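Enquirer: This is the structure, below, for whatever I ask next.
The values are calculated or read from the model by the stated rules, or taken from the named source; none is laboratory data. All values derive from a computational prediction rather than experimental measurement. Positions of Cβ are backbone-derived with ideal geometry, glycine not excepted, and every protein chain shown enters the neighbour counts. Accessible surface is based on the protein model in full, side chains and every heavy atom, while ligands, DNA and RNA are left aside. Shrake-Rupley method; radii C 1.70, N 1.55, O 1.52, S 1.80 Å.
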Amino acid sequence: MVTCAASPTIPPLSASAPPIGAAEERAMLRGMFRHVVRRFAGRGAFPCVPRLGLDDLSFERLLVFSGAEKEPSCLASVIPEDFWEIASLLVESGNGSEETRWIAHALAAACLADDHLWQDLGLPDRKALSRLLERHFRPLRDQNVGDMRWKKFFYRQLCERAGFQACKAPSCRECTDYAICFGKD
C-alpha cells in the first residue's frame, strides 16, 4: 500500500492536457482496453482481476467495443480489496455511463501493478492519462492540484476517506519524498 500524504498547498496545474479528437480518443480507449484485458484479465495475469471485476454482460460488451480477443480468464479466488475501493472512488466521480465504469475498472486493475499508471494501462504517456481522467472523472481529476502521480493520488484519496493522513513533514513541499509523489513521470 502506498503511504498517504497530507493535502499539499501547491499551486494548480498551469494548463490542461491538450484536447484530442473523438476518433483519436476512441482508438486510444480501444487500445487501452485491449492492453488491460490481456495484462490483468487473461490467463497467467498477475495481478489477476477476472473480467476486470465487471459482470459477464458488461465484460462482453467491453470486448466487442475494444476488439479484444476473448481468451481464457485468469483465475483468482479473491480480487484485492484495493481494486474495489479504487473502482468505487472512480465510479463515484464519473458520469455513470458503462464506458466510464469500464475505464474505472481498468484504472483500478492497473493500480495494482508496479509501473506508472499510464504504462500499466498501455497509454503513450502521462498526458494521455490526464486527458482520460479529465474527460471521464473530472471532479476527482480536479482535486489533484499538485500534479501528484495518479496511483499515489488515488491511494491518498482512499486514506483520506478512511480518515487517515500521514506525511513525513508538516507540508508535502518540505517532505523528502516530494519528488517521488509529485511532478512529471
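Enquirer: Just to verify a result, which residue in the range 136-163, among those that are open to solvent by 50 Å² or more (accessible area, probe 1.4 Å) and of a type in the set (Asp, Glu), is farthest from Leu89 (Cα to Cα)?
Expert: Applying the filter and picking the extreme gives Asp142.
Enquirer: Can you name the residue in the range 124-135 that is open to solvent by less than 10 Å² (accessible area, probe 1.4 Å) and out of contact with any Lys or Arg (no Cβ under 6 Å at 6 or more places or on another chain) and is also farthest from Ala104 (Cα to Cα) among such residues?
Expert: We begin by selecting, within the range 124-135, every residue open to solvent by less than 10 Å² (accessible area, probe 1.4 Å); these are 128-129, 132-133.
Checking the rest, the ones that are also out of contact with any Lys or Arg (no Cβ under 6 Å at 6 or more places or on another chain) come to 128-129, 132.
Details: Ala128: 15, Leu129: 12, Leu132: 11 Å.
Taking the candidates together, the pick is Ala128.
Enquirer: Evaluate the range 8-26: report whether one residue or more is under 19 Å from the mean Cα position of the chain (by Cα) and at pLDDT 85 or above.
Expert: Checked the range 8-26: at least one residue is under 19 Å from the mean Cα position of the chain (by Cα) and at pLDDT 85 or above.
Enquirer: Right, another one. Residues being surrounded by 14 or more Cβ atoms within 10 Å (Cβ to Cβ) and outside any loop (DSSP other than H, G, I, E, B): count how many of those fall in the range 50-59. If you could, list the steps in order and put the result at the bottom.
Expert: Start the filter on the range 50-59 by keeping residues that are surrounded by 14 or more Cβ atoms within 10 Å (Cβ to Cβ), which leaves 50-54, 58-59.
Filter again for outside any loop (DSSP other than H, G, I, E, B), leaving 50-53, 58-59.
Qualifying residue count for the region: 6.
Enquirer: Restricting the range 33-49 to residues that are open to solvent by 20 Å² or more (accessible area, probe 1.4 Å) and within 19 Å of Glu98 (Cα to Cα), which is farthest from the chain's Cα centre (by Cα)?
Expert: Among residues in the range 33-49 that are open to solvent by 20 Å² or more (accessible area, probe 1.4 Å) and within 19 Å of Glu98 (Cα to Cα), the one farthest from the chain's Cα centre (by Cα) is Arg34.
Enquirer: If Ala45 passes every condition in (1) in a loop (DSSP other than H, G, I, E, B); (2) in contact (Cβ under 8 Å) with a residue 40 or more places away in the chain but one, which one does it miss?
Expert: (2)
Enquirer: Just to verify a result, which residue in the range 60-83, among those that are closer than 15 Å to Arg30 by Cβ and in a helix (DSSP H, G or I), is most open to solvent (accessible area, probe 1.4 Å)?
Expert: That would be Val64.
Enquirer: In the set Leu89, Leu112, which member is surrounded by 17 or more Cβ atoms within 10 Å (Cβ to Cβ) and in a helix (DSSP H, G or I)?
Expert: Numbers: Leu112 fails: in a helix (DSSP H, G or I).
Sole residue among the options that is surrounded by 17 or more Cβ atoms within 10 Å (Cβ to Cβ) and in a helix (DSSP H, G or I): Leu89.
Enquirer: So, of the residues in the range 92-104 that are in contact (Cβ under 8 Å) with a residue 12 or more places away in the chain and not in a helix (DSSP H, G or I), which turns out to be surrounded by the fewest Cβ atoms within 10 Å (Cβ to Cβ)?
Expert: The extreme case among them is Asn95.
Enquirer: Collect the residues in the range 115-149 that are charged (D, E, K, R) and part of a helix (DSSP H, G or I), keeping them in residue-number order.
Expert: So the first thing to find is which residues in the range 115-149 are charged (D, E, K, R), and the list is 115, 120, 125-127, 131, 134-135, 138, 141-142, 147, 149.
Those that are charged (D, E, K, R) and part of a helix (DSSP H, G or I): Asp120, Arg126, Lys127, Arg131, Glu134, Arg135, Arg138, Arg141, Asp142.
Enquirer: OK, next. Would you tally the residues in the range 127-150 being of a type in the set (Val, Ile, Thr) and under 19 Å from Ala87 (Cβ atoms)? Walk me through it before giving the result.
Expert: Going through the range 127-150, the residues of a type in the set (Val, Ile, Thr) turn out to be 145.
Now narrow it down to the ones that are under 19 Å from Ala87 (Cβ atoms): none.
The total comes to 0.
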